[in-house]
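Just below is one structure, and these are the notes that go with it.
Bear in mind these aren't lab numbers, they're just calculated from the coordinates by the rules spelled out. In this text, all values refer to a predicted model and were calculated from it rather than measured experimentally. Positions of Cβ are backbone-derived with ideal geometry, glycine not excepted, and every protein chain shown enters the neighbour counts.
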Amino acid sequence: MGLYLLDYGAGNVQSLANTLKKVGHEFKWISSPADFEKATSLIFPGVGAFETAIDGLISRGLFEPLRQYIASGKPYFGICIGMQVLFRSSLESPSSKGLGIIPSDIGLFSNADKSVPHMGWNSVEFLDPDERAHEGLDPRSSYYFVHSFRAAYEWENAEVAQWAHTTTQYGQEVFLATVRKGNVFACQFHPEKSGPAGLTVLDAWLRQPEADRATSPPRPRVARPPKPKDGFTKRIIACMDVRSNDDGDLVVTKGDQYDVRERVDSSDTAGVEGIQARTAGAVRNLGKPVALAERYYVEGADELCLMNITSFRHSPLLDQPMLAVVRAAAETVYVPLTIGGGIKDTVDPDGTPHSALEVAGAYFRAGADKVSIATEAVFAVEKMRERPSADGVGEGDGTSAIETIAHAYGRQAVVVSVDPRRVYVAPDYDGPYKDELVYGKPDGPEKERGKAWWYQCTVRGGREDRPLSVVQLVRGVEKLGAGEILLNSIDRDGTGLGYDLDLVALVRQNIRIPVVASSGAGKAEHFVEVFQKTNVEAALAAGIFHRREVGIDEVKTTLLASGINVRTL
Ligand code: 1PR
């Protein structure tokens, strides 16, 4: 008897388990259809793609028992796909049938006026003014959403409107953020990833007596047109580059233009030998990854990135030190975690092969919400360009890491991390990529005046240049199924000079998926500048946060003072 969690074998369900432990609730996993009989409350943390969820439920014999469980009137809490599965179908996979409990269908966000997926923190609007019906939600809080498909708020359709509990606006669209009727409560956002506000929602539901959970408070339903309220916020992300130092300890390090070793005193270095000596310094150590991740969570980071910049070639997949880091970080961090580095086909030292999909799956099960792919993304786009297409971008063949992971877990789980470098040319340059040239402004930095440049892709942490421009790369990966771009700049990394606004604007203009600006933040005003001058969804920094030069709270206060909406604690 008691609380059960339903896992159909995909995505990050560990985070919900960690969250429930944190708020002090015991639970068991549904491991067979018979467990539905024992469950007196059920949470379904659906993560990933609609088709994968439905197929996973059917293949485990859980689909019909789930329908019967809900029909029996016992309390049900659905999260994300756990909410969408209540509907008849989803445009994400029209051939997969949902439970059909809510007589409507899940549609796709339009990207005409905004980036899709809807990825980030947004507010909810209450349809019922009675606070007792709020289920632990707070109109002043922000909650973490990550989805391309949504249930539109059909307020004129009485049968659907009676399910509507709260709505959220993204761009011009208003969709159902939560539904509530009888024994069912479900939310489109991820409470387990929504920091303290999300923990409150889970806790409030679980603290109700089971009988109350099974009946929504009696009240007149007010189906009314939505009030315009765009609560979408810009995200601030802290990034940790993790590698083993020369003693074999895992540390957070930070490079200057990707060089992570200490500079050796120039007095005993000179000429060519000087360069060799400089790179021979110790790996910079800025702290322990799990402790730093926890610090950034507490300080209000909206999301965290952990980049594995050592390949750990000698570890079998399941012994990867980064998996242990992710597992431990996910126990104390209740905002989204992105893991990058080494997401590719690998072979264990004993010869056991693992596909990139399996590698990603191991990270998701450990508690990661997104994986970030850099080197393999460049190779995938080079390969797709060998298969010409009318849009000039090329065609994928379904085998790349981006395609396979996006198919199984949804595109919102796949980030492509880009490591471009400027290639300076004369302003009258007439060679390859001339249509993508950026020109130095007369009032810009002296080194850029009168010059032009394009942005070249690199692989293996900037160590190898490739014959591919950043525009070709981002357009290619968007078509392959990436859900977000993490845009670094080797020229700006660690310099504190501010984001490369030309690069950020160029990428933002060429794609419709969210873009995270990265590299070069030196002060809070740089965040204001990147949000005001480009239309990116998020900005990331590393060095200034690690060295405590600028706090996340200072960044957010400065943004709010400039009229830029951010999540506050
Ligand atoms: O190629 O798929 O295995 O992924 C490797 C990942 O590791 C890539 O995302 C790549 O960016 C990253 N990486 C590899 N080598 C380095 C290095 O520094 N030597 N780090 C590296 C990239 C850039 C950002 C940094 C921002 C902000 N570091 O991670 O956080 O530039 O820094 P700042 O605010 O201090 O300026 P694969």
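Points to keep in mind about this one:
- Computed FRET value (nearest 0.05) for Lys523 with Leu108, which takes r as the C-beta separation and R₀ as 25 Å: 0.05
- Segment Ala34..Glu464, full-extension length gain: 149.3 nm, with 0.36 nm per residue of separation and the alpha-carbon distance subtracted.
- Taking segment 453-531 and dividing mean pair separation by its residue count, relative contact order in percent (alpha carbons under 8 Å, at least six apart): 29 percent
- Overall dimensions of segment 91-215 as given by Cα atoms, namely Rg and Dmax in Å: 14.5, 45
- Chymotrypsin sites (Phe, Trp or Tyr not before Pro) within segment 433-483: DSSP coil, no more than 13 neighbouring Cβ in 10 Å: none
- Sorted by Cβ neighbour density within 10 Å, fewest at the top, the residues Glu446, Glu192: Glu446, Glu192
- Computed extension gain for Tyr439 through Asn535, at 0.36 nm per residue and net of the alpha carbon distance, reaches 32.6 nm.
- Here the convex hull built on the C-alpha positions of segment 2-213 has a volume of 111 cubic angstrom per residue.
- In this Cβ point-charge picture (+1 for Lys and Arg, -1 for Asp and Glu), the chain has a dipole of about 960 debye about its Cα centre.
- Summary of packing: across the peptides 93-100, 517-524, 184-191, 327-334, the per-residue average of other C-beta atoms within 10 Å ranks them, highest first, as 184-191, 517-524, 327-334, 93-100.
- Full extension of the segment from Arg207 to Arg88, taken as 0.36 nm per residue of separation minus the current Cα-Cα distance, would add 39.8 nm.
- Rounded Å value of the spacing that divides the Cα centres of segment 398-421 and segment 491-519: 19 Å
- Modelled FRET efficiency - R0 41 Å, Val423 with Thr568, Cβ distances, 0.05 increments: 0.50
- FRET efficiency, Leu560 to Lys447 (Cβ-Cβ, R0 60 Å, nearest 0.05): 0.95
- Unpaired by the 4.7 Å Cβ criterion, cysteines found in the chain: Cys80, Cys187, Cys457
- Ratio Rg/Rh [Cα only; Rh per Kirkwood] for the chain: 0.98
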